[in-house]
Structures are given as structure tokens and as C-alpha cells.
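The values are calculated or read from the model by the stated rules, or taken from the named source; none is laboratory data. Not measured: the values here are computed from a predicted model. So basically every Cβ, Gly included, is an ideal-geometry build from the backbone, and we count neighbours across all protein chains shown.
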Amino acid sequence: MVVSLTIYLVLYILALFAISFYVSRRQTTEDFLISGRNRGGWQILFSKFAAGIGAGYFITYTGFAYEYGLGLFSMLLGLIAGYLVFAYWASPRIFRNSKEGRFYTIGHFVFDRTKSKTAMYVADIFSSAILFGWLLTGIIGAGKIIDDFGLLSYNWAVIITSFVVLVYLLMAGHKAVILTDIVQSFVIFFLLIIITFSIVGSDNFGEILSFQGASVDIGVFIGFFLFGILSVFSYSDRYQLAYAAKNERNLRHGLGLAIIPIAIAGFFLLLIGMFMASNSPGLDSGLIFTEALRNFLPASLLPLAIVLFFAGVMSSADTNIYAISSHYAMHRKGEKISKVRAGTIWLTIITSIVAILFPNVVDVSILAGGISLTLSFGMVYLIAGGRKASRFVISSFFALIAVIIGILIFGIEPILALPVLFAGAIGLLFRWKKLD
């Protein structure tokens with residue numbers, strides 16, 4: 001089996017390299033930095049789906065479903081609501097001045113609204129931290145599953161996974177992110193359908209959904225829902241996707257229609273998690289997806305399952321690495337492509353080291369979820385027409401302080417979302433005239 005798994009992975013990696021090499025031969029600076037600002041609706045849809053259901057979600061969704069059961073539905077409902085609001089209300093406002101203003105990062109939109117460099121730096125730094133948390137989740141998850149199936153040790157799996165993303169990003173930048181996402185979207189969606197039905201069985205859906213696991217605290221339920229609806233406003237890669245669109249219509253419909261496959265994929269991961277809760281109690285919630293593949297998937301499908309997981313890693317890791325590297329590059333003088341490439345190299349090295357030192361994927365994912373809400377209310381305020389830099393900055397720092405206090409009080413738990421959002425909302429009530 002190890003030989004067949006290796007062959008599948010090598011072929012998949014070579015396909016990604018081939019796409020990136022082809023793209024890199026005929027691209028402009030704008031192609032590398034922001035996909036030429038001419039991406040159509042279908043490309044926006046596929047890229048949004050691929051980034052929205054990455055490897056970190058395979059682990060966290062199944063783990064949360066295993067632990068909280070149908071309580072995870074509140075997150076799915078929140079995600080659907082949040083993506084609809086972002087697609088049809090927020091994205092046209094984000095797109096409006098992006099071409100003329102040459103926006104590349106979330107901070108450029110913030111500066112356009114506030115005319116404050118301080119607010120711009122806060123947005124880019126906070127967003128980079130958020131994406132780094134989700135990047136770590138995916139890389140750690142990839143390392144664990146490759147290690148669990150005996151292909152490589154965890155450390156080598158982390159290093160090689162990071163290296164693969166590094167290579168094709170260095171070749172083609174943001175355009176490689178979007179075009180490889182198209183391939184990875186099809187791989188993720190169709191393989192996830194096959195694997196879910198193979199593990200769960202088509203006749204067991206009602207039985208699984210009726211399974212009574214652990215009771216869900218109302219705070220956890222609300223935390224899941226609010227995370228789903230508001231976290232999308234903090235992710236810089238969503239803003240970059242908006243800047244890359246050809247026109248407003250393509251952007252709205254591309255982001256809006258992406259909700260359909262995201263909701264379906266989320267439901268399948270919920271089924272896998274609840275199936276494991278009813279059949280294999282007492283497991284570590286960070287290992288649910290891996291254990292489902294190992295114990296309930298036919299051996300003949302295991303190579304496809306590993307490709308599915310690897311596609312999930314690539315689809316989210318490339319997006320996050322590029323977004324963080326572009327934040328670094330756009331605030332430094334000199335030629336931007338070389339700065340993005342340098343940032344990509346350093347970030348890949350740092351990510352590998354941190355993933356090796358801190359391999360607890362569930363704790364990392366919950367922490368990433370907590371800080372994902374630090375920009376939410378501030379960005380909603382600006383998108384709605386707010387102009388005061390101080391309100392945005394204070395809201396963001398109040399939310400960050402709430403993350404720290406929340407961890408001390410509750411630990412790394414989903415309920416962490418509630419104090420973070422409360423603090424972010426309260427922060428909007430304050431002003432500091434020196435920042436405005």
C-alpha cells in the first residue's frame with residue numbers, strides 16, 4: 001500500500017508543478033501578485049471552495065462533530081449566513097476601489113477607508129497571525145496523517161509538504177494559487193463524496209444524525225454560530241480573491257455559489273465525525289478523520305483518501321502562505337515579486353519549525369479560530385462605511401486581549417468566541433482622536 005500511496009502523491013504533486021510552470025511562462029507582475037485582476041466567476045468559486053474546505057477543516061470539523069455532534073450544525077449555518085453576507089453585501093464594497101487603488105492586502109482596503117497607516121498595519125499584522133494559525137493547522141494535520149499511514153515520519157512529512165507548496169508558489173504566485181485551486185476543488189469534492197459514502201454507508205444517515213452524543217452547552221452552540229457568520233470578515237485571502245475578480249458580478253456570484261459545495265462538504269465531515277462518535281467512543285478528537293480512514297475505509301480507497309487530504313492541505317496552505325508573504329512584501333521598498341518570494345521562503349521555514357515544535361492540531365485550530373474573530377467587527381464597521389481608524393484599532397486590540405483572558409478562564413475551547421466578539425463590539429464604541 002505504501003508504494004501505491006507514494007505513486008498517487010508524486011503524480012499529484014507533479015501535476016501541481018506542471019500547472020504552475022505553465023502559468024509562470026506567460027505572466028505579468030499583476031498576474032503574479034493578484035492574478036491579473038481578471039478572474040472569472042467560476043475561478044472565484046473554485047478558489048473560494050478550495051480555501052474554505054482545507055485539510056485543517058477535515059480535522060477540526062470531524063473532531064468537533066465527534067465531540068459536539070449536531071452542535072456543529074450551528075457553525076455550518078453560521079458559515080452559510082456569513083458567506084452570503086460577504087458575497088452579496090461586503091464583496092462589492094471591497095471590490096469597488098480595488099483596481100484604481102491597486103489593493104493587494106486587507107490593509108490596503110483599511111487604508112482606503114481610514115487614511116491611517118496605523119490601521120493598515122494593524123489589519124495586515126492581525127490578518128497574518130490569523131492565517132498563520134490556519135496554515136499551521138493544515139501543515140500539522142498533513143504531517144500527522146502521512147506519519148500515521150507510515151509514509152514518512154511526522155517531521156519529514158511537515159518539511160516535504162511545506163516544500164511542495166513553496167516550489168509552486170515561487171513559480172507563479174497568486175495566479176498559481178487560484179489555478180491550482182481549480183484542480184484541487186474537483187479532487188476534494190468528488191473524493192470526499194466517495195470516501196464519506198464508503199465510511200458511513202448510504203443507509204446510515206438517519207441513524208447517525210439521531211445519535212445522542214455529549215450535550216452541547218448553549219455557549220458552545222452560540223460560539224460556533226457566531227464564529228461561522230463573522231470569521232470570514234477577518235481573512236485577508238478573501239479580500240485578495242475580491243481584488244482578483246474581473247468584475248463585480250463575477251465576484252458576487254462566484255463567492256455566493258461557492259457556499260453550495262462548502263455546505264455539502266461540511267455536512268459530509270459532520271457525518272464522518274458523528275459516525276465515529278457512535279462507533280468508536282473515547283478517541284482523541286484530533287485523530288477522528290485519520291481513524292475513520294484507517295478503520296472504516298476499504299483498503300483499496302486509502303490512496304485516494306491520502307490524495308484528498310493532501311489536496312486539502314495544498315489548497316489552503318498555498319492561499320495562506322501567499323497572503324502572509326504579500327503582507328510582508330507590500331510594506332517594503334523594492335521590487336515586489338522578489339519580496340514576496342523571499343517572504344514565502346522564510347515563512348515556509350518558520351512554519352515547518354513551529355509545526356514540528358507544536359504538533360497539537362486541535363489546540364492550534366481552536367486558537368486560530370479565536371484570533372480569527374479579532375478583526376471581525378472592525379472590518380464590518382469599515383465595510384459598512386465607517387471611517388474612524390481609532391474605532392477599528394481599539395476594536396481589534398480589545399478582541400485580542402479577550403482572546404488572552406478567555407484562554408486563561410476557559411482554556412482553548414470553542415466558547416472562546418463569545419468574549420472575543422463581545423470585546424470587539426465594545427471596542428467600536430471608543431475613539432482616540434490622535435489616530436483619526
Show the residue pairs meeting these rules: Cβ distance below 8 Å; 6+ apart or different chains; first residue within the stretch 260-288 and more than 10 Å from Ala65 (Cβ to Cβ); second residue at pLDDT below 85 and in a loop (DSSP other than H, G, I, E, B).
Pro261/Ile53; Ile262/Ile53; Ala265/Ile53; Ser278/Phe211; Ser278/Gly213; Gly286/Asn360
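Among the residues of the stretch 46-57, is there at least one that is crowded, with 22+ Cβ neighbours inside 10 Å, among the basic types (Lys, Arg) and at pLDDT below 90?
Yes.
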Selection from the stretch 241-260 of residues under 22 Å from His108 (Cβ atoms) and either buried (at least 24 other Cβ atoms within 10 Å of the Cβ) or touching an Asp or Glu at 6+ places or on another chain (Cβ under 7 Å) (or both) yields Leu241, Ala242, Tyr243, Ala244, Ala245, Leu251, Gly254, Leu255
(1) in a loop (DSSP other than H, G, I, E, B); (2) within 18 Å of the chain's Cα centre (by Cα) all hold for Met314 apart from (1)
Those residues that are in a helix (DSSP H, G or I) and over 13 Å from Gly369 (Cβ atoms), I need them from the stretch 420-436; list them, please.
Phe422, Ala423, Gly424, Ala425, Ile426, Gly427
Just wondering, is there one or more residues in the stretch 22-38 that are surrounded by fewer than 22 Cβ atoms within 10 Å (Cβ to Cβ), aliphatic (A, V, I, L, M), more than 20 Å from Glu413 (Cα to Cα) and at pLDDT below 85?
yes
Among the helices (runs of 4 or more DSSP H) contained in the stretch 1-73, which hold 2 or more residues that are touching an Asp or Glu at 6+ places or on another chain (Cβ under 8 Å)?
41-52
Leu357 - would you say it is surrounded by fewer than 24 Cβ atoms within 10 Å (Cβ to Cβ), closer than 30 Å to Asn155 by Cβ and without any contact (Cβ under 8 Å) to a residue 24 or more places away in the chain?
yes
Restricting to the stretch 327-354, name every residue that is small (Gly, Ala, Ser) and either under 20 Å from Val158 (Cα atoms) or not in a loop (DSSP other than H, G, I, E, B) (or both).
Ala329, Ser338, Ala342, Gly343, Ser352
Select from the stretch 118-159 the residues that are hydrophobic (A, V, I, L, M, F, W, C) and free of Cβ contacts under 8 Å to residues at least 12 places away in the same chain and write down the one among them that is nearest to Ile394 (Cα to Cα).
Trp156
If you go through the stretch 117-148, how many residues are surrounded by 20 or more Cβ atoms within 10 Å (Cβ to Cβ) and over 21 Å from Ser365 (Cβ atoms)?
5
